[in-house]
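Here's the structure, in structure tokens; my notes come after.
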Amino acid sequence: MTPKITMLAMSAMLAALATLAGCASAPERFYALSFPGDESPPGPADDPPGPTVVVAPAAVPELVDRPQLVTLTGAHQVVILEQQRWAEPLRAAIPRVVADGLGRQLGAAQVSTRDEALRSPDCRVYLDVRRFDARREVAVDLEALWTVACASGGRRAGRTVAREPIRGASTEAIVAAQERALRGLTLDLARALRATGATVAAQAGR
């Protein structure tokens, strides 16, 4: 009996070690958001200077503001993708993508996420991301409240709601849909900045 018990114990131990080794060998993958496409080419070098804009850190739901990517399944369940991780926190990544997009949309504008880079900017952008949900192979849903406040006194507030289909089953497809949703937010902000007269104020002050 003793040899049989010993062999069974060893088999169970080897199986457990194999499982642990399999888990340990699964590679972590890191993802970074970027502004998709560039439909607005830079203007001529002699264009008048555009506004300076600082995009503040975003408020992001704690549900998704974590190192791992998160997907929703069903009405009340979430899946935390332990091996699929963000290269930076979403509260920093979202303003960075928005700043990049605004720089492209506003032509000669200087746009940053850091106050020390643009002291006394013409305008500031504040973001409150209420939803940034992803349902694998379905869609990404973005809801964000935002405020554009300019030194000239111009101020606009709004709400962006975007739904982008996820075109595929991969994590890359999820990230691409998130980027397209952020593009919609950026376009709303660019329109708001133009409406405040930020460009005119910038030209008058230089």
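General observations
- Calculated FRET efficiency for the pair ARG119/GLU62, C-beta based, R₀ 22 Å, to 0.05: 0.10
- Residue order, fewest to most surrounding Cβ atoms within 10 angstrom, among GLU28, GLU88, GLU179: GLU28, GLU88, GLU179
- Using C-alpha pairs under 8 Å with a sequence gap of at least 6, the mean separation divided by the residue count of segment 29-204 gives a relative contact order of 26 percent.
- Here the 3J(HN,Hα) profile of segment 113-122, calculated from phi with Karplus coefficients 6.51, -1.76 and 1.60 at θ = phi - 60°, is 9, 10, 4, 5, 7, 9, 6, 6, x, 5 Hz, Gly and Pro shown as x.
- Magnitude of the charge dipole, segment 104-163, Cβ model with Lys/Arg +1 and Asp/Glu -1, debye to 20: 120
- Fewest-first sequence of CYS150, CYS123 by Cβ atoms within 10 Å of each Cβ: CYS150, CYS123
- Remark: GLU137, GLU164 ranked as GLU137, GLU164, counting other beta-carbon atoms within 10 Å and listing the fewest first.
- Interchain or long-range residues, amide H under 5 Å from LEU69's placed H: LEU81, GLN84, ARG85, TRP86
Taken together, the values in this text are just the output of simple stated rules run on the coordinates, not laboratory data. Here the structure is a predicted model, which means the values were calculated and not measured. Cβ sites come from the backbone with ideal geometry, for glycine too, and all protein chains shown count toward neighbours.
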